[in-house]
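The values are calculated or read from the model by the stated rules, or taken from the named source; none is laboratory data. Every value quoted in this text rests on a predicted model; they were computed, and no experiment measured them. Every residue, glycine as well, gets a Cβ built from its backbone with ideal geometry; the counts of neighbours run over all protein chains shown.
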Amino acid sequence: MEDKESKRPFPPEKKISTLVHLAGLKAQEGVSFIPSSGNADGRLGDVVLISPAYNITAEDVLTIVDRTAKVVHSVLG
C-alpha cells in the first residue's frame with residue numbers, strides 16, 4: 001500500500017504489481033510472479049501471486065522469500 005497508516009493502496013496508474021512482476025523476471029532475480037490489481041475495491045489494490053510446485057522444499061521457500069523481498073525493495077525502494 002502507498003500509505004500504511006491510512007491503508008491507502010497505490011493508484012492503478014503506478015502498475016505496481018506489473019512492475020514487481022517485470023523486475024522479478026530479470027536474470028539476477030529469476031522469480032516469476034502473477035500480477036493482479038483491483039483487489040481492494042475492483043479498481044485499487046495490487047497483489048502478486050507466487051505459485052511454487054507442490055513438492056517445494058523448505059530451502060526453496062527461503063530462496064523465494066529472499067528473492068521476493070529483493071524484488072519488492074527494488075521496486076518500492
Complete set of residues in the stretch 15-26 that are part of a loop (DSSP other than H, G, I, E, B) and out of contact with any Asp or Glu (no Cβ under 9 Å at 6 or more places or on another chain): Leu25, Lys26
Within the stretch 5-23, can you find the residues that are among the charged types (D, E, K, R) and under 23 Å from Arg67 (Cα atoms)? Lys14, Lys15
Quick check: anything in the stretch 7-14 assigned to a helix (DSSP H, G or I) and touching a residue at least 40 places away in the same chain (Cβ under 8 Å)? no
Top-ranked residue in the stretch 17-37 [being without any contact (Cβ under 8 Å) to a residue 24 or more places away in the chain and of a type in the set (Ser, Thr, Tyr); ranked as surrounded by the most Cβ atoms within 10 Å (Cβ to Cβ)]: Thr18
Among residues belonging to the stretch 43-60 that are loosely packed, with under 10 Cβ neighbours inside 10 Å and aliphatic (A, V, I, L, M), point out the one that is modelled with the lowest pLDDT. Ala53
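Let's see how each residue does on (1) at pLDDT below 90; (2) not in a helix (DSSP H, G or I):
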site: Gln28; (1), (2): yes, yes
site: Val31; (1), (2): no, yes
site: Asp41; (1), (2): yes, yes
site: Leu62; (1), (2): no, no
With the first residue restricted to the stretch 65-77 and required to be within 13 Å of Ser32 (Cα to Cα) and in contact (Cβ under 8 Å) with a residue 12 or more places away in the chain, and the second required to be among the small types (Gly, Ala, Ser) and in a helix (DSSP H, G or I), Cβ contacts under 7 Å at 6 or more apart or on different chains are Val71/Ala23; Val71/Gly24
